[in-house]
Amino acid sequence: MGNQYQESLENIEARLKTITDLITKKQEKFFDKVFIDNDEFQRLFKISPGTASNWREKGLIAYSQINNKIVYKIEDINKMLDDNYRPFKK
């Protein structure tokens, strides 16, 4: 009975490691990107198309527009986050 329990525990640990590796790889892929499109930007921040448009119009986020396609540089997203960072107050 103990041996079967040990095998089950090892299987769970192996599956957790696989899942963790997949998540890490997916996160790395996202942050290795240089640009993301407007749909990805809206999903990332959980904002509506109108909010994304307002942020662009207010100059909160830099962007490129080619015809109707809007894209953002990851570095500009990081800059926006840094510029609007509010440190924790004690």
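The values are calculated or read from the model by the stated rules, or taken from the named source; none is laboratory data. Values in this document were obtained by computation on a predicted structure and should not be read as measured data. Here Cβ is always computed from backbone atoms with ideal geometry, including for glycine, and neighbour counts include all displayed protein chains.
Could you please give the count of residues in segment 62-79 that are assigned to a helix (DSSP H, G or I) and touching a helix residue (DSSP H, G or I) at 6+ places or on another chain (Cβ under 8 Å)? Outline the logic, then answer.
Keep residues of segment 62-79 that are assigned to a helix (DSSP H, G or I), which gives 74-79.
Of the ones still in play, those that are also touching a helix residue (DSSP H, G or I) at 6+ places or on another chain (Cβ under 8 Å) are 74, 77.
So the count comes out to 2.
Is one or more of the residues making up segment 53-61 part of a helix (DSSP H, G or I), of a type outside the set (Val, Ile, Thr) and either touching a Gly at 6+ places or on another chain (Cβ under 7 Å) or modelled with pLDDT under 95 (or both)? The answer is no, given that none of the residues of segment 53-61 is part of a helix (DSSP H, G or I), of a type outside the set (Val, Ile, Thr) and either touching a Gly at 6+ places or on another chain (Cβ under 7 Å) or modelled with pLDDT under 95 (or both).
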